[in-house]
1. Looking only at region B:113-143, which residues are part of a loop (DSSP other than H, G, I, E, B), farther than 22 Å from B:ARG165 by Cα and open to solvent by less than 70 Å² (accessible area, probe 1.4 Å)?
2. Of everything in region B:64-92, what is of a type in the set (A, V, I, L, M, F, W, C) and more than 11 Å from every other protein chain (Cβ to nearest Cβ)? Give them in sequence order.
3. In the set B:VAL60, B:VAL24, B:VAL46, which member is more than 10 Å from chain A (Cβ to nearest Cβ), touching a Leu at 6+ places or on another chain (Cβ under 7 Å), closer than 15 Å to A:PHE432 by Cα and buried (at least 17 other Cβ atoms within 10 Å of the Cβ)?
4. Please go through (1) buried (at least 22 other Cβ atoms within 10 Å of the Cβ); (2) more than 9 Å from chain A (Cβ to nearest Cβ); (3) out of contact with any Cys (no Cβ under 9 Å at 6 or more places or on another chain) for C:LEU326 and return the number of the only condition it doesn't satisfy.
5. Search region B:102-121 for residues that are without any contact (Cβ under 8 Å) to a residue 40 or more places away in the chain and pair each with any residue that is surrounded by fewer than 11 Cβ atoms within 10 Å (Cβ to Cβ) when their beta-carbon atoms are under 8 Å apart and the residues are at least 6 apart or on different chains.
6. Have a look at A:ALA385, A:ALA365 and point out the one that is farther than 19 Å from C:THR366 by Cα and in contact with a Leu (Cβ under 9 Å, 6 or more places away or on another chain).
7. I need every pair where a residue in region B:126-146 that is within 14 Å of chain A (Cβ to nearest Cβ) has its Cβ under 6 Å from the Cβ of a residue that is in a loop (DSSP other than H, G, I, E, B) and surrounded by 12 or more Cβ atoms within 10 Å (Cβ to Cβ), sequence separation at least 6 or different chains.
8. Report whether or not C:SER308 is buried (at least 22 other Cβ atoms within 10 Å of the Cβ), touching a helix residue (DSSP H, G or I) at 6+ places or on another chain (Cβ under 9 Å) and farther than 25 Å from C:ASP432 by Cα.
Amino acid sequence: MSEQDKILNEVTQNEYKYGFTTDIETDTLPKGLNEDIVRKISELKGEPEFMLEFRLDAYRKWKEMEMPEWAYLKIPPIDYQDIIYYAAPKQQAKYESMDEVDPELLETFNKLGIPLEEQKHLAGVAVDAVMDSVSVKTTFKDTLAEKGIIFCSFSEAVQEHPDLIQKYLGSVVPTNDNYFAALNSAVFSDGSFVYIPKGVRCPMELSTYFRINAANTGQFERTLIVADDDSYVSYLEGCTAPMRDENQLHAAIVEIVTMDRAEVKYSTVQNWYPGDKNGVGGIYNFVTKRGICKGESSKISWTQVETGSAITWKYPSCILMGNNSSSEFYSVAVTNNHQQADTGTKMIHIGKNTKSLIISKGISAGKSENAYRGLVKVVPKAENARNFSQCDSLLLGDTCGAHTFPYIEVGNKSSVVEHEATTSKIGEDQIFYCNQRGISTEDAIGMIVNGYAREVLNQLPMEFAVEAQKLLQISLEGSVG
Amino acid sequence: MLKIKNLHATIDGKEILKGIDLEVKPGEVHAIMGPNGAGKSTLGNVLTGREGYDITEGEVEFLGKDLLDMEADERAKEGLFLSFQYPVEIPGVSMVNFMKTAVNEKRKHQGLQPLKAGEFLKLMREKKELVELKSELANRSVNEGFSGGEKKRAEIFQMAMLEPRLSILDETDSGLDIDALRTVAKGVNALRGEDRSSIVVTHYQRLLDYIVPDFVHVLYNGKIVKTGTKELALELEEKGYDWIKKELGE
Amino acid sequence: MTVNTAKYTATQDLVDLYNGNLAMWEKDSPEWMNAARKEAVEHFQKLGIPSSRNENYKYTDLRKWFQADYNVYPTYVERDMEMRELFKCNVPEMDTALVLTANGWYSHKNKAIALPEGVIMGSLAEIAQSNPEVISEYYNQLADNTNDPLAALNTMLAKDGIVFYVPNNVVVEQPIQIINMLQSHEDAFATQRNLFIIGRNAEAKIIFCDHTMSGHRFLANNLTEIFVGENATFDFYNLQNQHNESGNLTSTYVKQAASSTFNSNVATLHGGLVRNNLIVRLAGEGAEANLSGMSLADGKQHIDNFLSINHEVGRCNSNQLYKNVLDDRSSGAFTGKIHVQRDAQQTNAFQRNANVLASEKAKMNTKPQLVIDANDVKCSHGATVGRIDEDALFYLKSRGINDKEARLMLMLAFTHEVIQNIRVESLRDRLDDLVEKRFRGEISKCHNCAYRCG
């Protein structure tokens, strides 16, 4: 092993810094999944009838489905009867003021860098904090309400705005869309709901922070964002989990609807526990994210920085229905040690003059496998559709894999679809150049990797971008070889 | 400052350096000339610690320390600088960020506090003016999209920023027009001092009109075969290398 | 003798056709061919005729092409025509040696062609009997019967085809043109099995011309195994020109030894359904594969090129360039898989797939893929689907060239990039000519062809 390889190894063997657990009392339902559990979840949440019907319908469909096997992933068998489907920190209900929040909980989020006290928080970011299965606290609700913006936990939305929920829930991701979507639809416990009224530009970043704490539980949250005509919102999602030897399942759904000329920018920094360097433990992150540009000239952009999870299966997508609508997908996916990722996007062009852009940067290290999978589909009536995709892979070390699986389906002659992909290793001459300027190999790799991913990182809101940069470096510690 | 004794180096089993002896004292400028394939670039690479070369014999002392025992970045932090013949592009990494990291790494090594943002920017400004580096280049990614001349200027700019004890200028003059050459030479000369030395590796005598060397060495077939003063460079320019070959009886 | 019992609609019918006439399939074939059949039939039964559920056939569902009453030919049938006459027109002035096959069988009308000493060119069925030692250790070593149903089906029913053997250090200067014709008085299913062995330091060029010579419905399932020896160079060109009722399934499996070069070029000018599988194993250091192809489709034609390039060892190069021009309601598909295996360092692998949709109803699906398990590699792929370059079109028009002519020029330039890779000048020129005629709406067949099969 060369010196550089050694350092690369050291760089990538860094400890996961969010691996602590919170000692807090939790209400849980027994392990396993059946109709009774589904009913029980609905009952615990005091849901109206239509929600129970929605869940039961999803559960029945899920039972008939099989886990997808097409991804470039080796997924060990999952015993769905050995998972707890509902866990909530005790005495949650709704916190009217900060004083009622369990100090342990506050401390947890403080440690994660997400203070729930509004005055302490980063200016201009409203947060919905979700621990295990429930929303703990949503900040800045009142400020937002003045503009008519609804930002609350999903449970609350079901109670307070059932009409909106009934109208949009499952409208982008149907219950039977895929195995994990059906599972989520049956058992999801909480999440965030956002509604931006007509003509409103949301004055601050909205953010949901997801935290898995309890052992043996799955996390199934659901996010629904509806942006009415001429509105705008930027939404951030972050997530972490404790270090545990077991694998934990996270199967979430995000649905976004944009009406005429509305724009939603959705950013994710995914940092679930990736497992240790031998591949023990870590989160299985099986997520369905999809938006629909329903209105004309509307826009949805996805930005994701994926560094965590043992296995990632995730394709934030967009249905370009409205004429002149557009969508962007920016992704950096880092895999190290034994991590596996199969991630990418789908852009479905239906309306006229629709545009999509895909920029994907994969970085593989250790013994990991990192795959981009994407679909660009232009239906016959989608006149003048445009797509450009750039998918680059960077390999650090000779024991990892980088794969690209784009699917391009074009049925309209006026469309222009272009796809480019490259795979290369980190340049030894670049590292030496940095070394010669007194920069260690470890720092040089961090620097080069961040430079490589910059096009994507630039899309993130400032606070997140800094965080994401650090995360990239940490994720690769001990990796380079 | 630098003592090279009987240095032998191979790449892929092929011997390129076949016993180099060279001593550079503080304040001196040494020029190394020689035909293509003589081992000039290899010498620069071996001294700065590039991977891929095997040192089969010999030793190198730099400021009293065993140079060959150090990692490439340690050598740089000790004050060794290489101006690359072909500087590599690093997409997405801005020159500002790159230099800030490099300067502060060196300061850390010297037990100094990192420069404050304001101080650093002031330093950048001064040094940019010295080599007449366009401001926008400092904001772009390292060497990305730079012309050949801009790359060389950027190398000398970095040298000025890092204030090395010993600089190795590897064919810094190649591909430069006369104006650019003057600017580069101005930068190099501004950095000359009692405790700073340079090794100027070049093909042509031209650069030595601007950077006047104390010694000129001819490197041929992995060995220094002739040493003289700047007049030797003129002689080489006039007669070419065949003359050396003849003298060596080849 | 013919067996006219082949009425089948599904996988099982084909299996029954085989099992029910076992003696006939095994007759005159050596033990090692028959042993391969036995294994293949099991794989075929398991895999079934590929549908779009098979990821490798996602955009080409073959089931409906198999649902017909075809005749099959487990034994040689003499065709009562002077085939050479018909094909004089094909590549005029081309200085090639000519060999014919009919419905998968090596024609008994073939005359010996002049070849350097030691070179063997002839019928698989014959050589399997006369010189088994030349081919037995190569036969069925590359075909992926386990995973590909077309390979398994071919191995199961293979009786004849072409064997081409070039000993070490022999250079065959003259290109050899093999005309594979489908000719019958009834709908027919043909199976052809070819085996090319190119020795160390040897060189050769083969041109396949796939034609239909009668208006019946045809389905051909051809498989070629090619071994390119150390430092050898082999060029393999395929000109496909069949009528709209014909399905042409070709599978080419190539294994390259160190420092060998394999150049292939497939030009699909016409055909109802065309599926070309090309699987290349770069198994020796320094090997290079240059693979290109182009198609012009109209009507309801469907053209699918499926490539899988496996860099098994380091320091190999592969290049792929495939282009399609799709008109009317035609559809195209392309899959280009590049797999760089662990430790196959210093690999260069490049791929480009460009497509022009020339009509409202045309469709293109493309699936370039990179699977990279080594780090010191340079790999890239690019795929585009679009219309012709409007800026270039405007530029030409601004110089006084009319719209129709300008479009034609751009289309010719588009396809010429592929054609120019062909290293047989007369074939290259002929193709440029055929392509231009095709774009101009003139017949793409030779002018004096008696059969109007287009």
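1. We begin by selecting, within region B:113-143, every residue part of a loop (DSSP other than H, G, I, E, B); these are B:113-116, B:131-134, B:140, B:143.
From the residues that got through so far, the ones that are farther than 22 Å from B:ARG165 by Cα too are B:116, B:132-134, B:140, B:143.
Selection gives B:LEU133, B:ASN143.
2. Of everything in region B:64-92, those that are of a type in the set (A, V, I, L, M, F, W, C) and more than 11 Å from every other protein chain (Cβ to nearest Cβ) turn out to be B:LEU67, B:LEU68.
3. Values: B:VAL60 fails: closer than 15 Å to A:PHE432 by Cα; B:VAL24 fails: closer than 15 Å to A:PHE432 by Cα.
Criteria check complete, one pass: B:VAL46.
4. (2)
5. Sorted first by the residue in region B:102-121, then by its partner, the pairs are B:ARG107/B:GLN113.
6. From the options A:ALA385, A:ALA365, the qualifying one is A:ALA365.
7. Here the result reads B:ASN143/B:PRO87; B:ASN143/B:GLU89; B:GLU144/B:GLU89, each pair linking region B:126-146 to a residue that is in a loop (DSSP other than H, G, I, E, B) and surrounded by 12 or more Cβ atoms within 10 Å (Cβ to Cβ).
8. When the stated conditions are applied, C:SER308 does not pass them.
The values are calculated or read from the model by the stated rules, or taken from the named source; none is laboratory data. What you see is a predicted model, and the numbers here were worked out from it, not measured in a lab. Positions of Cβ are generated from backbone atoms using ideal geometry, with glycine treated the same way; all protein chains shown enter the neighbour counts. Just the protein is used for accessible areas: all its heavy atoms, side chains included, with ligands, DNA and RNA removed. Shrake-Rupley method; radii C 1.70, N 1.55, O 1.52, S 1.80 Å.
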